[in-house]
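A.B. asks: Before we start, here is the structure in question, set down as structure tokens.
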Amino acid sequence: MNLLAAGPFGILAELASAAEVRALDAALQGIRADEPDIEDVVPAARTVLVTFRQSAAGAKARSRIAALLPTLRPAADGGGAPGPLVELPIRYDGPDLAEVAELCGRSAREVAERHSGTEFTVAFCGFAPGFGYLTGLPEELQVPRRAEPRTSVPAGAVGLGGEYCGVYPRSSPGGWQIIGTTDAVLFDIARTPAALLAPGTRVRFREADT
Amino acid sequence: MTGLPAAPAHLAVVRPGALTTVQDLGRAGQAHLGVPRSGAADRRSHAFANRLVGNPESAATLETTVVGCAVRTDADRWFAVAGAPCPVAAGGRAVPFGAPFLVRAGETVELGPVVAGVRSYLAVGGGIAVPEVLGSRATDLMSGLGPAPLAAGAVLPLGPAAAAPDATGAPPPGLARGPVLRVTPGPRSGFFPPAAWELLRAHAWTVLPASNRIGVRLDGPALPRTGGDALPSEGMVPGALQVPPNGLPVLFLADHPTTGGYPVIGCVHPADLPHAAQAAPGSALRFRIVPDRW
């Protein structure tokens, strides 16, 4: 674990793998109740950012957590109980499905079956509220992002980008290869919790009966 | 104001200005869900305006951009304006900037164009009481959370006016001309050679017009990088100086994305961020590198 400063009220812990990120995130969630001066714990691809309240107490908590972090040994199994399982209905009707199939050397049907047969895990969220970076994508479905990002991708679009799969929570620009559509609402401020996906959530795509 | 009946009170937007938003201290604690903190870009001026009218810091104010705004109240309330200095009038009479003033029901409060800085904060006793979204009333322009920017004719509810105004506290430091912001190295200082640090420290960086609540875009010499390696997305803090491939740093403000994929050479101290939030396009920002220890 490599600890990097992220401003006077932040620590960026750099880790070797997504599994270690999951484990450290879980360990930090476990101590949050005792550390009220922690403001945010933000897992990402290979890092966990911990931010603290901008106060003298926050600066003290930062020193304390910096000393504690190396002792929070990431468990080999990823640590903690598996997250909740969310099933997202999907139609494999994306505008990039044919191109993805060609890149993978498979038929569109095979891509759909391989994708819907995979259990994903939300590694981290970002880009937009409720956007989860889903890991677990089989290597044969890993494709580069589009050379030309789209200026508008509709809400519910299911995309592939490198090692990740993701669902656009709302209409936005986007560069991922869109293979399908879900009617699930990923982010709804009128709902508690607003975000359907959080770090650790397991995700399966279930093809809608046609 | 005790003894008055607690009738619902409102502000009606007479002139929305260029970009006037409702802001408070933001929605911290949800970055792991991709929800930015948001909130007042200049938190110190927001807090000061609130204190002047007897509100807690967490009360929502109006954050204007350069050209001010005008709102009409339908209840007697204390108002105060802080942040970027501007002429202020209530009911057609000039009132002081940076001090509380009483406005009668039916009168209009007008904030003119700023004489320096970018963002003025208009606080009202009781605060702007639009519904909270995810624990905050702040408008997040990047994520589309919170109320829309003010539009002519819009009506904003006010909270119950409780406390008396308080002009006893010391005002925050005024806007510095050519401010020098403290920067602590990291997290990705290792991506940059000594020459990049020298440029960052020595140059007077020009604030570009494309700056907004997400970040201050800076113009100057491109900062060189040691390696061209791509960086996987990682968490971002307010004040982060992110360096995209063109080498021109972007200083993240309140509506910054929760994660980003460009290396952050250093972070501006949060106590210096109000100066960044008030840096007008065309003005200069300088940086002073300070050590960080934990």
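The values are calculated or read from the model by the stated rules, or taken from the named source; none is laboratory data. Fair warning: this is a prediction, and the values are worked out from it, not measured in the lab. Ideal geometry is used to build each Cβ from the backbone, glycine not excepted, and the neighbour counts take in all protein chains shown. Accessible surface is based on the protein model in full, side chains and every heavy atom, while ligands, DNA and RNA are left aside. Shrake-Rupley method; radii C 1.70, N 1.55, O 1.52, S 1.80 Å.
A.B. asks: Of all the Cα-Cα pairs you can form in segment B:91-221, what percent are over 16 Å apart?
C.D. replies: 79 percent
A.B. asks: A follow-up question, please. Using DSSP to define loop residues, name the trypsin sites (Lys or Arg not before Pro) in segment B:46-145 whose beta-carbon has at most 14 other beta-carbon atoms within 10 Å.
C.D. replies: Of the trypsin sites (Lys or Arg not before Pro), the ones in loops of segment B:46-145 whose Cβ has at most 14 other Cβ atoms within 10 Å are B:R104.
A.B. asks: In segment A:13-59, what residues drop by 40 Å² or more in accessible surface going from the chain by itself to the full protein assembly, probe 1.4 Å?
C.D. replies: Residues losing area: A:E39, A:D40, A:V42, A:L49, A:Q54.
A.B. asks: Quick check: at a probe of 1.4 Å, how many percent of the accessible area of segment B:42-191 sits on carbon and sulfur atoms?
C.D. replies: Whole-percent figure for carbon plus sulfur exposure: 59.
A.B. asks: Which net charge results when you count Lys and Arg as +1 and Asp and Glu as -1 among the other residues whose beta-carbon is under 12 Å from that of A:L85?
C.D. replies: That sum, taken over residues with Cβ under 12 Å, equals +1.
A.B. asks: Give the Rg/Rh ratio for segment A:5-66, taking Rg as the radius of gyration of the Cα atoms and Rh as the Kirkwood radius, to two decimals.
C.D. replies: 0.96
A.B. asks: Indicate the residues belonging to segment A:172-210 that lose 20 Å² or more of solvent-accessible heavy-atom surface (probe 1.4 Å) upon moving from the chain alone to the assembly of all protein chains, ignoring ligands and nucleic acids.
C.D. replies: Listed by number, the residues meeting the 20 Å² cut-off are A:F187, A:I189, A:A195, A:P199.
A.B. asks: For a quick check of understanding: with a 1.4 angstrom probe and all protein chains in place, what accessible area in square angstrom does A:I38 have, to the nearest ten?
C.D. replies: Its accessible surface works out to 10 Å², give or take rounding.
A.B. asks: Sticking to Cα atoms, compute the Rg of chain A to one decimal and its Dmax as the biggest Cα-Cα distance, whole number, in Å.
C.D. replies: Answer for chain A, Rg first and Dmax second: 18.6, 60 Å.
A.B. asks: Same structure, new question: Using all alpha carbons of segment A:85-207, what is the percent of pairwise distances in each 5 Å bin, ordered from the shortest bin to the longest?
C.D. replies: Final binned percentages: 2, 12, 24, 27, 20, 10, 3, 1, 0.
A.B. asks: Eigenvalues of the Cα gyration tensor times 5, then square-rooted: what semi-axes does that give for chain B, in whole angstrom, largest first?
C.D. replies: Taking √(5λ) for each eigenvalue gives 37, 19, 16 Å, largest first.
A.B. asks: Run the quick spin-label model on B:L208 and B:W294: label points 7 Å from Cα toward the beta carbon, then report their separation in nm to one decimal.
C.D. replies: My value for the distance between the label points is 3.1 nm.
A.B. asks: A further question on this structure: Cα-Cα pairs above 17 Å in segment A:135-210: how many percent?
C.D. replies: Everything past 17 Å amounts to 50 percent.
A.B. asks: Quick check: from the Cα gyration tensor, does segment B:59-136 come out rounded (a/c under 1.5), prolate or oblate?
C.D. replies: oblate
A.B. asks: Placing one identical point scatterer on every Cα of the protein assembly as shown and ignoring solvent, what is log10 I(q)/I(0) from the Debye formula at q = 0.08, 0.09, 0.13 Å⁻¹?
C.D. replies: Taking Cα atoms of the protein assembly as shown as identical point scatterers yields -0.54, -0.68, -1.25.
A.B. asks: Quick one: what do you get for segment B:9-158 if you divide its Cα Rg by 2.2 N^0.38 Å?
C.D. replies: Taking the Cα Rg and dividing by 2.2 N^0.38 Å, one obtains 0.95.
A.B. asks: Still on this structure: Going by a 1.4 Å probe on protein heavy atoms, which residues of segment B:237-271 end up with at least 50 Å² less accessible surface in the whole assembly than in their chain alone?
C.D. replies: Hits at the 50 Å² cut-off: B:V237, B:T259, B:P270.
A.B. asks: Also, quick follow-up: Simple spin-label model, 7 Å along Cα-to-Cβ: A:D209 to A:A155 in nm?
C.D. replies: Each label point is offset 7 Å from its Cα along the Cβ direction, giving 2.8 nm.
A.B. asks: When all alpha-carbon pairs of segment B:180-289 are counted, what percent fall beyond 18 Å?
C.D. replies: Cα-Cα pairs of segment B:180-289 separated by over 18 Å account for 40 percent.
A.B. asks: Okay, next question. Mind checking the angle between helix A:18-31 and chain A's longest principal axis? C-alpha axes, 0 to 90 degrees, to the nearest 10.
C.D. replies: It is inclined by approximately 50 degrees.
A.B. asks: Taking a 1.4 Å probe, which of A:E20, A:E99, A:E39 shows the most accessible area, and what order do the others take after it?
C.D. replies: A:E99, A:E20, A:E39
A.B. asks: Please compute the per residue accessible area over the protein assembly as shown with all protein chains in place, 1.4 Å probe, rounded to a whole number of Å².
C.D. replies: 40 Å²
A.B. asks: Further question on the same structure: Would you mind giving the total buried accessible surface between chains A and B, with a 1.4 Å probe and ligands, DNA and RNA left out, rounded to the nearest 100 Å²?
C.D. replies: For A against B, buried area totals roughly 2900 Å².
A.B. asks: What's the FRET efficiency of B:T168 with B:A271 using the Cβ-Cβ distance as r and R₀ = 25 Å, to the nearest 0.05?
C.D. replies: Efficiency computed from Cβ-Cβ geometry: 0.65.
A.B. asks: Moving on. For an R0 of 22 angstrom, estimate the FRET efficiency from the Cβ-Cβ distance between A:E110 and A:L85 and round to the nearest 0.05.
C.D. replies: The computed FRET efficiency comes out at 0.35.
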